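Have a look at the structure below, then the notes.
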Amino acid sequence: MLNQEVYDKVQAEFKAKFGAAGEATAYAPGRIEVLGNHTDYNEGYVFSAAIDKGTFFTASKAQDDKITLVAIDMGETYETTLAEVAKVESGATWANDPLGTCNWLFDGRRAVAKTGFKAVFGGNIPLGAGLSSSAALEMAAALALAKIYGIEKDRTTLAKIGQKAEHTFAGCPCGLLDQASSMYGKAGSLVKSDFRTNEFETVSMGPSVAFMMVKSNAKHALVDGAYASRRQACEDAAKYFASVLKKPVTHLRDVTMSEWVLYRGGLSETTAKRAAHPIGEDERVLLGAELLAKGDLKTFGALMYESHESSRNWFENSCPELDTIVDAAAALPEVYGARLSGGGFGGSCCLLVDPSAADKIAAHIAKEYKAVYGDEPACSVIKPSDGAHLV
Ligand code: GLA
């Protein structure tokens, strides 16, 4: 569905349900992760982009303290009150992203928001594809609710509110990448993030390349513990490096690949493998920035392949379906680079491609994937797009 159609649907549903137009509507896009995997919570670097699909969230203040959330894609409504905002443990767990966002946005909430609100939201980001549909929902909710309650917070603070909602309501100890990409995206550009300083810079890509997302049919769920265990291994490794290196280390961002080679012997085999991934990814993002500045997209693409190999061998957050897609992509000269995008363990691959060959690439990957799994992955060309905004 086109963004305009989603917007119209959300507006029509709001009017039908609440009898008047909403006071504010916000749009927030999903994201692709291009280079730099599991580096965000290690205070490292990432190249990402906001995509041209997202979520619209329309809201008005209520007369009383009631909160009504209508999810049109789910065809469900959830009701609670301002005083009772809490994590939904079962059933309408889809409500956790907007509820968590409003909980932290209204920090000390009765002081800020004297009444509840009614909201309708809907979007066109494929779910479970690793395109951060939940971050899009959090950022759209944050912008629309901030607007109706007159809360002034900068974009990074709103992104952190969404991240806190993920940690406490949705149950994933994620970094800030998804929310920041949704907030800071720019049409035709990549977002280069530094998650130590929280500086978000945009880098123009030029028209000769495009991204393709190829969605494996392997289920992607980050709340089942695999993401958390990877994060824990990185934190354990950082503590170890802090004890052996003669310099301050708080996160793996502070460790170089040469230091890893020299000191890895003091870590368990598994922890050493996990640590190698974000350390190598940081180095690839920094090198990638130099390559982009020179317009060397082919070598940038080679770093994407290296990134996938690192996921496959060190971090073990790939899966056979994602590997099949990357291996199929690597056989085509029109694909410059391919890697898994986001948390991993399923979801999608991100490909850097020659846009004139998109159909050929999609057909080739579909054929190779079908030969192994019997079904076809969904392929789409992604246009890096503007970030979240009020409509
Ligand atoms: C998920 C998380 C992000 C980030 C990526 C991996 O998308 O939500 O914070 O850690 O995985 O880079």
Any hit, region 101-115, residues being modelled with pLDDT of 95 or more and within 16 Å of the ligand (Cβ to nearest atom): yes
Among residues of region 311-334, those that are open to solvent by less than 10 Å² (accessible area, probe 1.4 Å) and touching a residue at least 24 places away in the same chain (Cβ under 8 Å), counted: 7
Filter result for G347 (touching a Ser or Thr at 6+ places or on another chain (Cβ under 9 Å) and closer than 25 Å to A228 by Cα): yes
Selection count where residues are assigned to a helix (DSSP H, G or I), among the hydrophobic types (A, V, I, L, M, F, W, C) and over 16 Å from S204 (Cα atoms), scope region 287-322: 7
Hits in region 38-79 - residues which are among the acidic types (D, E) and over 15 Å from V6 (Cα atoms): D40, E43, D64, D65, E76, E79
Test: W104 is within 19 Å of the chain's Cα centre (by Cα) and of a type in the set (A, V, I, L, M, F, W, C): no
Condition met for A237 (over 16 Å from the mean Cα position of the chain (by Cα) and closer than 27 Å to P126 by Cβ): no
Where a residue in region 152-175 is on the phi > 0 side of the Ramachandran plot and its partner, wherever it lies, is modelled with pLDDT under 95 and open to solvent by less than 30 Å² (accessible area, probe 1.4 Å), with Cβ under 8 Å and at least six apart: none
So E89, is it surrounded by 12 or more Cβ atoms within 10 Å (Cβ to Cβ) and not polar (S, T, N, Q): no
Cβ-Cβ under 9 Å pairs, at least 6 apart or on other chains, region 281-304 side polar (S, T, N, Q), far side open to solvent by 30 Å² or more (accessible area, probe 1.4 Å): T299/L287; T299/Y336
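Please work out if L35 is surrounded by 22 or more Cβ atoms within 10 Å (Cβ to Cβ) and within 16 Å of the ligand (Cβ to nearest atom).
Working: surrounded by 22 or more Cβ atoms within 10 Å (Cβ to Cβ): yes; within 16 Å of the ligand (Cβ to nearest atom): yes.
Spelling it out, L35 is indeed surrounded by 22 or more Cβ atoms within 10 Å (Cβ to Cβ) and within 16 Å of the ligand (Cβ to nearest atom).
Just need a number here: residues in region 335-353 that are outside any strand (DSSP E or B) and either away from the ligand (no atom under 16 Å from the Cβ) or open to solvent by less than 10 Å² (accessible area, probe 1.4 Å) (or both).
So in region 335-353, the residues outside any strand (DSSP E or B) come out as 342-347.
Keeping just the survivors that are either away from the ligand (no atom under 16 Å from the Cβ) or open to solvent by less than 10 Å² (accessible area, probe 1.4 Å) (or both) gives 342-344, 346-347.
So the count comes out to 5.
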Qualifying residues in region 192-216 (those that are closer than 23 Å to A338 by Cα and part of a loop (DSSP other than H, G, I, E, B)) - the one nearest to the ligand (Cβ to nearest atom): S216
Per-region count, region 137-191, residues away from the ligand (no atom under 14 Å from the Cβ), assigned to a helix (DSSP H, G or I) and polar (S, T, N, Q): 3
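The values are calculated or read from the model by the stated rules, or taken from the named source; none is laboratory data. As the structure is a prediction and not an experimental result, all values here were calculated from the model. Because the Cβ atoms are built from the backbone with ideal geometry, glycine has one as well, and the counts that use them run over all protein chains shown. What goes into the accessible areas is simple: the full protein's heavy atoms, side chains included, and nothing from ligands, DNA or RNA. Shrake-Rupley method; radii C 1.70, N 1.55, O 1.52, S 1.80 Å.
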